Amino acid sequence: QVQLLESGGGLVQPGGSLRLSCAASGSISSIDAMGWYRQAPGKERELVATITRSGITNYADSIKGRFTVSRDNAGKTLYLQMNSLKPEDTAVYFCNAGSGFYTKYWGQGTQVTVSS
């Protein structure tokens, strides 16, 4: 059992920066990988970035070069540093944690709005 809580969302101007955080609790040692997903109104949830227990990262093409995903050494907190934000980045951002082959956990999401 893993619980996830996102924070750090808000309103930012185009070209600005924002850092999202995800605090994990529960059976943290069971987590193999963590990541960020986002969902805009009327659209399906999409992958933003992932990071494995060993630190291997993967990014969606749409944010590559602008966003950076990271974890603290204990694996309790996941971060997403978002730079050069665009209006199309506006979405609810969800923290995700995976355990084994089948189990996935989700946070409640944090709203990111990019607008002038």
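The values are calculated or read from the model by the stated rules, or taken from the named source; none is laboratory data. Since the model is a prediction, treat every value here as computed from it, not as a measurement. A quick note on method: Cβ atoms are made from the backbone with ideal geometry, for glycine too, and the neighbour counts reach across all protein chains shown. Side chains are part of the model used for accessible areas, which takes the heavy atoms of the whole protein and leaves out ligands, DNA and RNA. Shrake-Rupley method; radii C 1.70, N 1.55, O 1.52, S 1.80 Å.
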Counting only residues in the range 16-44 that are under 12 Å from the mean Cα position of the chain (by Cα) and basic (Lys, Arg), the one surrounded by the most Cβ atoms within 10 Å (Cβ to Cβ) is identified as 38
Of the residues in the range 45-66 that are under 11 Å from the mean Cα position of the chain (by Cα) and among the hydroxyl-bearing types (Ser, Thr, Tyr), the one that is nearest to residue 85 (Cα to Cα) is 59
Given (1) on the phi > 0 side of the Ramachandran plot; (2) in contact with an Asp or Glu (Cβ under 8 Å, 6 or more places away or on another chain), residue 55 misses just (2)
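Looking at 25, 17, 99 in this structure, which one is of a type outside the set (Lys, Arg) and more than 14 Å from residue 4 (Cα to Cα)?
Working: 25 fails: more than 14 Å from residue 4 (Cα to Cα); 99 fails: more than 14 Å from residue 4 (Cα to Cα).
Just a single option satisfies the conditions, and that option is 17.
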Residue hits (the range 72-108; among the hydroxyl-bearing types (Ser, Thr, Tyr), exposed (fewer than 15 other Cβ atoms within 10 Å of the Cβ) and touching a helix residue (DSSP H, G or I) at 6+ places or on another chain (Cβ under 9 Å)) are 103
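To keep it simple, each residue is scored yes or no on (1) polar (S, T, N, Q); (2) under 20 Å from residue 14 (Cα atoms).
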| site | (1), (2) |
| --- | --- |
| 50 | yes, no |
| 57 | yes, no |
| 72 | no, no |
| 84 | yes, yes |
| 91 | no, yes |
| 95 | no, no |
| 98 | no, no |
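Out of the residues in the range 48-67 meeting the condition of being open to solvent by less than 70 Å² (accessible area, probe 1.4 Å) and in a strand (DSSP E or B), tell me which one is modelled with the lowest pLDDT.
By that ranking, first place goes to 52.
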